[in-house]
Amino acid sequence: MFRRLVARLGHRRWFSAIGSGLLPRLDRAVYRASGHRWMVATIAFPTLMLHDGGHKPVPLLYARDGKDYLVAATNWGRPQHPAWSRRLLAGQPATVELHGRVTPVLARHLAPTEVAAAWPRLVAVWPAFDTYRQRAQREIRVFRLSPAGDPTVP
């Protein structure tokens, strides 16, 4: 029930406006307080923490594709690309933190045909991704994060 409610709210502009400022901060705080086990979003949605050389880790919804993680740079439907996607395009080293384990990953920006194939998986996780894509009026960058080493405990 909670998942359905939040998924419906995700399409609303006010949710994006409030959520984009509040939820990442709240997720980071809960993640630290829970010993790197939980985030608010993980109650209903698969969420990982991306460390990409920026000054703060970024909580992201993801879809699994085998051992890989698919992430969409929707930036809540804003017209500009999120900073983390620019860092990945620039080749910044990145790690994924999930369930208390940190794994180095190789990030690959997907080609348009690959995005078309991956998009249904992402929308299955968060239906509002379609709304964000329409609202942003830009190409949404989608990345495949492939594990590149053994996970460690922070």
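The values are calculated or read from the model by the stated rules, or taken from the named source; none is laboratory data. The shown structure was predicted, so the numbers you read here are calculated from the model rather than taken from an experiment. Note that we place each Cβ from the backbone using ideal geometry, even for glycine, and neighbour counts take in every protein chain shown.
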Practice problem: Quick one: in segment 134-154, of everything that is surrounded by fewer than 18 Cβ atoms within 10 Å (Cβ to Cβ) and of a type in the set (A, V, I, L, M, F, W, C), which residue is modelled with the lowest pLDDT? | Solution: 153
Quiz item: Can you name the residue in segment 117-152 that is in contact (Cβ under 8 Å) with a residue 60 or more places away in the chain and assigned to a loop (DSSP other than H, G, I, E, B) and is also nearest to residue 83 (Cα to Cα) among such residues?
Solution: 140
Practice problem: Look at segment 95-133 and say how many of its residues are loosely packed, with under 13 Cβ neighbours inside 10 Å, more than 14 Å from residue 70 (Cα to Cα) and either in contact with a Lys or Arg (Cβ under 6 Å, 6 or more places away or on another chain) or at pLDDT below 95 (or both). | Solution: 1
Quiz item: Going through segment 35-55 one residue at a time, which ones are closer than 18 Å to residue 74 by Cβ and at pLDDT 65 or above?
Solution: 46, 47, 48, 49, 50, 52, 54
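Select from segment 55-77 the residues that are free of Cβ contacts under 8 Å to residues at least 60 places away in the same chain and either among the charged types (D, E, K, R) or not in a loop (DSSP other than H, G, I, E, B) (or both) and write down the one among them that is farthest from residue 143 (Cα to Cα). Outline the logic, then answer.
First, the residues of segment 55-77 that are free of Cβ contacts under 8 Å to residues at least 60 places away in the same chain: 55-60, 64, 66.
The next check asks that each one be either among the charged types (D, E, K, R) or not in a loop (DSSP other than H, G, I, E, B) (or both); those that pass are 56, 58-60, 64.
Working: 56: 19, 58: 14, 59: 15, 60: 12, 64: 12 Å.
Looking at the filtered set, the residue picked out is 56.
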Practice problem: Please indicate, with yes or no, whether at least one residue in segment 95-104 is under 12 Å from the mean Cα position of the chain (by Cα), in a loop (DSSP other than H, G, I, E, B) and within 28 Å of residue 33 (Cα to Cα). | Solution: no
